[in-house]
1. Quick one: Cα convex hull volume of region 218-344, Å³ per residue?
2. Where in region 303-331 does the amide nitrogen come within less than 19 Å of the point 7 Å from the Cα of residue 360, taken along Cα to Cβ?
3. In debye, nearest 20: dipole of region 264-360 around its Cα centre with unit charges on the Cβ of K, R (+) and D, E (-)?
4. Find how many whole Å separate the alpha carbon centroid of region 83-123 from the alpha carbon centroid of region 429-448.
5. Let me know the charge dipole size of region 373-476 about its Cα centre in debye, to the nearest 20, where only the beta-carbon of Lys, Arg (+1) and Asp, Glu (-1) is charged.
6. Along Cα→Cβ, 7 Å out, is where each label goes; now give me the distance between the ones at residue 418 and residue 259 in nm to one decimal.
7. If we count every other residue with Cβ under 10 angstrom of residue 294's Cβ, Lys/Arg +1 and Asp/Glu -1, where does the sum land?
8. For the residues 233, 47, 472, what sequence is obtained by ranking on other C-beta atoms within 10 Å, fewest first?
Amino acid sequence: MNSFLKIFLASLVALIVFTIAAFFILVGMAGSLASSEKPTVGNKAILVVDLADEYPEITEEDPISELSSGDNGKPALYDLIRLIRHAKSDSAVKGIYLRCGSNANGFASGESIREALADFKSANKFVIGYGDVISQGGYRVGNVANKLYCNPMGGVDWKGYATQLMFLKGTLEKLDIQPQIFYAGKFKSATEPFRETKMTDANRQQTTELIGSLYAHLLVQTAEARKIDTATLHRYANESLIQTGHDALKYGLVDGLKYDDEVKDEIKQRVGSGKYDKINFITVGKYMKAVEYKLSGKNKIAVIFAQGDIIDGKGERSSIGSESYRALVRKARLDKDIKAIVFRINSGGGSALASENIWRELTLAKADKPVIVSFGDVAASGGYYLACNADSIFAERNTITGSIGVFTLIPNMQGFFNKKLGVTFDGVKTSPDADAMTVAKPLTEPQKRFIQNDIDTTYHNFKSRVAQGRKLTIEYVDSIGQGRVWIGSKAVELGLVDKIGGLDDAIACAARMAKITDYRLREYPDKRSFLDMILGSKEQAPQAAIRQELGADGYRIYQTIKRTKSMTGVTQARMPFELVIE
């Protein structure tokens, strides 16, 4: 007993000491952050934009990185756009070094970055693009550079676009799992991986048109940038003519073949530095901390960034929780100093009920002040549901939108449990349908009819919301709905979107509608506290480890399985499939 008490007391003392030490470490780290000097840009600065970094809609603060390197982490997409715009008029910044080997950003995000770089060039400043091997994603942004180089032993990926979908029907059959699927919309192919072994004709049609539109946009932009006609560029891909860096140079896709040191020597020459001078490279994270790049004014426009799956409840920072976002919209609505609301969406959808609840709050806000919506890479299904009643909707040409349709999935795992695991179930219930949502047995025919009726009702409500908000007939909405996805430029033609433009255009529209010229932005969600950032980094660590271990493709499969579990039994207004284009 005495031995136990000694061990217990020693452990307790150790725990107390550790807690106190951790507290003072956190206080010290917070003090270090608070007292850190504002970095300076310096002379002959070269802003470094690395497309391998993903620029999300919501800033991802990294306190550990800031303490170790003084960098402020990766800025959000709109921060990056504003920083490039600020650099355009900043005499200290002479040019941009664009690292474009790979591109972790989506089509619409890439379009926004490319437009900002083109605008930067208009001030007679240079953009130098470089990559050892330049992917198609990197090239679609990088081709805007004044000079684009690749490694002599590297090359440019120029083979056209392709996407591949994974089908699990055969796997489920082997496991004796029956996917009980209910959906509305012939193009609503989110459930296809569970009920088919290949793409349906409807899905193949919409995917072919979508990828064709994205590819055509790449050809047009490249033709303008490289002075090569689109037919010739298409032939390069069809005949696989671009195999090496020398091929890329021969056929005019790059301006030269250079090693990293040679590119940096050229940058030195452009800014008038000597051979042994160090280039004043400044990351966008440091530049964000060094300069004042945000608007200042008397009035306020709220900009609410919504990114990720739409879910019921509060959600996390990487998702759109209905409770959290209703509260944000309501806060902006009731704030008299806020004259307009801009709602920025980057989401493939999620819970239909959560989408309805946020739609409701945005509709209430619209009655008090202008509500403008801006679409990012994706604003489809539930993401479009949120937007459909706004005063005006802006999308990029490459935004993926539409997908007006719903579905749900309830797997019957009785065979798997019984035959594969030897597990059986038994129980009692007070009514015939009390256990309708269990996965341990198949649904009855009346239960199936009830669920399908619920899906059809939700789809009708979805169409009604769109028809009311966009001033269209339900019949017309159904004709362009059915779960079908559209590219932003086509969505304008169909009446689902008002104008092509980025977040800046949406904010300018909000200011016009609110009849204000002197304004600043109030951005939501708020930045996290230092402690929240530390705890958030701890929560994200397991996901980062899984991603590193599985790789990009393996992690995508893992996320698909995880998402499928969360969809079970919940009516979904979700994009029909995850589009990965290579």
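1. 241
2. 310-315, 320-331
3. It works out to roughly 480 debye.
4. 56
5. The calculation lands at about 160 debye.
6. Each label point lies 7 Å from its Cα, and together they span 6.9 nm.
7. Here the count lands on -1.
8. 472, 233, 47
Readers should treat all values here as calculations from the given coordinates under stated rules, not as data from a laboratory. The structure presented is a predicted model; accordingly, all values stated were derived computationally and were not measured. So basically every Cβ, Gly included, is an ideal-geometry build from the backbone, and we count neighbours across all protein chains shown.
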